[in-house]
Amino acid sequence: MEPLCPLLLVGFSLPLARALRGNETTADSNKTTTTSGPPDPGASQPLLAWLLLPLLLLLLVLLLAAYFFRFRKQRKAVVSASDKKMPNGILEEQEQQRVMLLSRSPSGPKKYFPIPVEHLEEEIRIRSADDCKQFREEFNSLPSGHIQGTFELANKEENREKNRYPNILPNDHSRVTLSQVDGTPCSDYINASYIDVTLSCLGPGGTELPVLYRLASEKCHQYWPDQGCWTYGNIRVCVEDCVVLVDYTIRKFCIQPQLPDGCKAPRLVSQLHFTSWPDFGVPFTPIGMLKFLKKVKTLNPVHAGPIVVHCSAGVGRTGTFIVIDAMMAMMHAEQKVDVFEFVSRIRNQRPQMVQTDMQYTFIYQALLEYYLYGDTELDVSSLEKHLQTMHGTTTHFDKIGLEEEFRKLTNVRIMKENMRTGNLPANMKKARVIQIIPYDFNRVILSMKRGQEYTDYINASFIDGYRQKDYFIATQGPLAHTVEDFWRMIWEWKSHTIVMLTEVQEREQDKCYQYWPTEGSVTHGEITIEIKNDTLSEAISIRDFLVTFNQPQARQEEQVRVVRQFHFHGWPEIGIPAEGKGMLDLIAAVQKQQQQTGNHPITVHCSAGAGRTGTFIALSNILERVKAEGLLDVFQAVKSLRLQRPHMVQTLEQYEFCYKVVQDFIDIFSDYANFK
């Protein structure tokens, strides 16, 4: 089922409000009757009763105010110090046995007109004001989809166990009809609906798997094997391939019906599983969803049948995906979007499509993202031509091309409201550059020292890799008074790899406290660091540290750990490296280290933890994708980093350097890979 917190809140708040209003009316009427009528000499009213009535009334008003204040707060992302980071989203509905449906606007439905794409940004700005009030009003004006159509087949006794939720059913006129199985009543039924050119269905329950694969084929029964083959009814399903990426997983299945008269020809089915939708709310940014949608379109052949889309109930996230896809097509064809009309129409094909106002708002955010930035993905074979276009034939055009692309990155808003922890006075003292502090939703949290406030804070952010979330830790170079926190972070988050992209001093300014011993050992708090090896390989110093956690209660095997530092000396004090080979060597060495030590976070720092740090992480992710898919998107790679930590890839020079290193990589390895 879709997470349903706002729906539950609305469902519960209305009767509660009615109950409170009823109590207020009763209290007021009692009070009026008592004070306006003549005193009853036979009545014995203690003074306490006179005091209780206004106190009760005040208490009820306070409860009502607190309730709605809590409702408002729950609509915003919440960060808890007890967790590493909260889901990147806004609280939504909790699971219930049935999907709670939003009541319609009491004022009746309104008409909302198409929006020309050139007005989209301004319209979204207006509707987002006052905590997205106008978006909620627009969403509440949508028809539910239950008024039109019948649900006779879905409500048959034989089909009820096939419905994950009893109030999310396919209309008879738009339901998907299967072929009948001999001797099995109602075997032509599945809870699935045709939505224009896309097929929508709920996540399968345990009794429904053979039907799903007859159809063509998280809260959802796993309907595929992790490896090898499973048989569902008379359908044999074998896993051919599985590729895990940071936002989604791609699986390829070979399915083959096994019938009494022999096996039919096998068929290859691709499953794209979006894994970045948080348990509560909507994704923090639509970038991952747009990448996912493009991959779906790429893998679906033109001659193929309908795309099967499911979440849990088959209405919320499913509807969101379908609407974004359809509106992007409308944007291209008609230079406008008409979200309200399209959602209204598909709700006649499957009720309650797009389940919450947050999902409805997310659709607009995705469309704006696509309109403002477009598709910046490149095939590696076209990179050279793209760079020639960017550079042009004159220096003037060179600047226009790169500066325009980089200027769009500077428009990424710095979310100061999500920097509350870093902006506390006690934590501001721990920052090298006060403009570069971590966001609350992905900051690295340390264990709190007993009796010492604010000791859970360090200026460091978790950053997603190409295949794995939180693959990197981006941090500043330690200060003298934060070096203990730095080593606590390395220990507590089991980081075996440190990448250092600055010298201790540059241009006679301190850039990073030397947090390791030149020889022997040094102790910071409860952690001792002993240097075991220090070798220089071209522009990289490789140092091995034996790190010991000095806690008597810790088991012996848990007290000692080897950490390797890669100190890159190839970055000049001013500007960028003259060539990309040194950076390619550094990235290759770090990746080899990760393969040997496990995929724990890679700690990356320069001085402030944004410019060079962001460039290294961006290049690591970009090159990983080039090797895996033959594709690159420098713009979106950097934009994604800036949404996770301010000012990542800080200058135009650093941004251009990303392109240069990728081109160097392609030139070097073009003889070994089919890049050109």
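The values are calculated or read from the model by the stated rules, or taken from the named source; none is laboratory data. Given the structure is predicted, the values throughout are model-derived calculations rather than measurements. Note that we place each Cβ from the backbone using ideal geometry, even for glycine, and neighbour counts take in every protein chain shown.
Quick notes on this structure:
- Filter result for the condition that a residue is of a type in the set (V, I, T) and outside any loop (DSSP other than H, G, I, E, B), over V302, V246, V309: V309
- Counting only residues that are of a type outside the set (G, A, S) and part of a helix (DSSP H, G or I), the range 269-295 holds 8 of them.
- Only one entry in Y454, Y515 is among the hydroxyl-bearing types (S, T, Y), more than 26 Å from the chain's Cα centre (by Cα), assigned by TED's automatic domain parsing to the domain that holds F549 and surrounded by fewer than 19 Cβ atoms within 10 Å (Cβ to Cβ), namely Y454.
- Considering the conditions (1) in contact with a Gly (Cβ under 9 Å, 6 or more places away or on another chain); (2) modelled with pLDDT under 90, G305 is excluded by exactly one of them, (1).
- Hey, S344 assigned to a helix (DSSP H, G or I), polar (S, T, N, Q) and buried (at least 16 other Cβ atoms within 10 Å of the Cβ) or not: yes
- Test: A539 is buried (at least 21 other Cβ atoms within 10 Å of the Cβ), touching a His at 6+ places or on another chain (Cβ under 9 Å) and among the small types (G, A, S): no
- Residue in the range 161-168 that is modelled with pLDDT under 75, surrounded by fewer than 13 Cβ atoms within 10 Å (Cβ to Cβ) and over 34 Å from the mean Cα position of the chain (by Cα) present: no
- Filter pass, I346 being in the same structural domain as S276 (by TED's automatic domain parsing) and within 21 Å of S640 (Cα to Cα): no
- Residue, surrounded by the fewest Cβ atoms within 10 Å (Cβ to Cβ), within the range 399-445, restricted to residues that are small (G, A, S) and touching an Asp or Glu at 6+ places or on another chain (Cβ under 9 Å): A426
- Qualifying helices (runs of 4 or more DSSP H) (wholly inside the range 562-676; at least 3 residues being closer than 23 Å to K291 by Cβ): 611-629, 634-642, 652-669
- Unique match (being hydrophobic (A, V, I, L, M, F, W, C), at pLDDT below 95 and more than 30 Å from G630 (Cα to Cα)) among W277, W230: W230
- Enumeration of residues in the range 172-191 that are of a type outside the set (D, E) and in a loop (DSSP other than H, G, I, E, B): H173, S174, L178, S179, Q180, V181, G183, T184, P185, C186, S187
- Taking the numbered list (1) out of contact with any helix residue (DSSP H, G or I) (no Cβ under 7 Å at 6 or more places or on another chain); (2) modelled with pLDDT of 90 or more in turn, C132 passes all entries but (1).
- Note on the range 430-480: residues that are of a type outside the set (A, V, I, L, M) and under 15 Å from C512 (Cβ atoms) total 7.
- Selection count, the range 546-559, where residues are more than 35 Å from the chain's Cα centre (by Cα) and modelled with pLDDT of 95 or more: 2
- Search result, residues across the range 485-504 that are outside any loop (DSSP other than H, G, I, E, B) and either under 16 Å from V444 (Cβ atoms) or touching a Lys or Arg at 6+ places or on another chain (Cβ under 6 Å) (or both): D485, F486, W487, R488, M489, I490, W491, E492, T497, I498, V499
- Cβ-Cβ distances below 6 Å connect the following pairs, each with a first residue in the range 528-548 that is over 21 Å from K494 (Cα atoms), a second residue that is surrounded by fewer than 17 Cβ atoms within 10 Å (Cβ to Cβ) and of a type in the set (A, V, I, L, M, F, W, C), and a separation of six or more residues or different chains: T535/I542.
- Long-range neighbours under 9 Å by Cβ, at least six apart or interchain, first residue not assigned by TED's automatic domain parsing to the domain that holds Q271 within the range 291-302, second part of a helix (DSSP H, G or I) and at pLDDT 90 or above: none
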